[in-house]
Amino acid sequence: MYFLSSTFQNINNFKFINDCGLFYVTKDEKLYKNKEFLIDCFGIEYQNNILFCFSNITNPETFLITNCNIIHYDFAIYHETFDENSAIIKNKKNDVAEKYGVYDFNDNSIYWLKNLKAFGQSFRFNNNLIHRQGHTYIKSFSLLLDLHQWELDLSGRKYTINSEEHEAKIIRLLGFYNNQLLVFMQGDILVSIDINNGKILSETMPFEGLLNVNGFQITDFRDLKLDVKSGKIFMLNKHYYYEIDLNTFESKQLKSFFTGNSFEVGRLSHISENAPKDILINQSIYTEDYIYFIGGYSLSSNVVGAFNRTTYEIDWQETIDLWQIDRYNNLKDIQYANDKLYVLDTNGTLRIFENKL
C-alpha cells in the first residue's frame, strides 16, 4: 500500500502544509521551508493557516501563510481562536503588561480586550471564545461585549483507579456538535454542554465497564477524535477501536487486536519463541477512510500502519528497524498529507512513505 520514498536527517519536529511543502525544525533549532532557512526556532505547530514557531515559550513567533507566502507577526496568535477574518492575540513582544486582543486580518487592526485574562484550551464559536480555566472550569467570553457570559464549574466529580478515589479533571474540550460543547474528563466522563447558556445537557460514562488487558478500567483517552460529519467520536488506542454515537451516546468496541499474547501481560519482546503478537497502537491520525498509526508489539514503537475505518482491519503495516544506530530509538510522530505518510523517530530521521497507486 505504501513504500518508503525518501528520508530527512537531523529533524526535531515538522509540519507538512498542503501546496506549500515541508516545514521542519532541525536539532540545532532552525526552521526550514523545503530546505530554505527561515528563522531560529525549537518547535512548530500549525492550525488553520497559522504556523507557530516557538523561539520563545511565552511569546512564540507567529506566521500567517497565505498562498504559500509567509507574513511574520510580532505577537502570539492562540491556537484554535481564529476564523477566516480574525484571531485572538497576546500582547506584542515589547509590551510589559499581559493583554489580549482581537486582530483583524482584513485591515490589520487590533481591538484590545480589557476583561479577558489568561486562559487554557479554547475554541471560537461565532463571536464567543469558549475556553477552559484551570482543571474544572469552562467559560464563555463575548468578544463583542468584552465580558464573560457564562461559566461552569465541573468540580466535585470523582473516579476510582485501583481502589483509590481521585478528583476528576478536564482532559480536553473535544469540540462542538449540534450547539453542544463536548468535554471529556478523567474517569471516563463525557459532558455535553449547551453553548448558549452553559447548562449541562447530558453526562455519561461511555466506556464504563470496558477493561484493558491488565483487567483495569480503561483510563487513557488521548486519541479521542470528534467527527462532526458522522456525529461520532472515534478512538483507536492501545489494542482497541471504539466509536461513540453522539445521538445515543452509546459506545461500541468495534475491533480488538488483543488475543492474550501481549507485552502488557508480561511477554518479553526479545524472546522470539514467546514474542508478543498483539499490536499496541500508540498514536493515530484520522482521515475519512483510514486511521494511520504508529505502534509496536512491545513497549518500543517501530511499526507504521493503516487501519481501515470501514472494515475495521489493518490494511497495511511495516516494521522499521530503528535499532541499527540507537537501541532506544522509537517512532514519535506521524502525519498524513497529499497521499503521503510522514513518520519521525526520536533519533531525528523523518521517513516519507508514498502510496503505491
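Things to note:
- Label point distance in nm, residue 256-residue 118, each placed 7 Å from Cα along Cα→Cβ: 4.5
- Area accessible to solvent at residue 86, 1.4 Å probe radius, in Å²: 20
- Unsatisfied cross-links (Cα-Cα over 27 Å) in the set 90/238; 33/117; 199/332; 229/340; 90/139: 90/238; 33/117; 199/332
- Extension gain, residue 339-residue 149: 0.36 nm per intervening residue step, less the Cα-Cα distance, totals 64.1 nm.
- Accessible area, probe 1.4 Å, largest first, for residues 19, 223: 19, 223
- Subtracting the Cα-Cα distance of residue 179 and residue 313 from 0.36 nm times their residue separation leaves 44.9 nm of extension gain.
- On full extension, the segment bounded by residue 106 and residue 49 gains 19.0 nm, given 0.36 nm per residue less the C-alpha separation.
- Each residue, residue 245 and residue 30, gets one label point 7 Å from its Cα in the Cβ direction; the gap between the two is 5.6 nm.
- For peptides 187-195, 315-323, 346-354, sequence by mean Cβ density within 10 Å, most packed first: 187-195, 346-354, 315-323
- Distance (nanometres) between label positions extended 7 Å along Cα→Cβ at residue 99 and residue 85: 2.3
- The H on the amide N of residue 12, modeled in the peptide plane, is under 5 Å from the matching H of 25, 26, 27, each at least 5 residues off or on a different chain.
The values are calculated or read from the model by the stated rules, or taken from the named source; none is laboratory data. Note that the coordinates shown come from a computational prediction; the quantities given were computed from them, not determined experimentally. As a convention, Cβ positions derive from the backbone with ideal geometry for all residues, glycine included, and neighbour counts pool all protein chains shown. Side chains included, ligands, DNA and RNA excluded: accessible areas come from the protein's heavy atoms. Shrake-Rupley method; radii C 1.70, N 1.55, O 1.52, S 1.80 Å.
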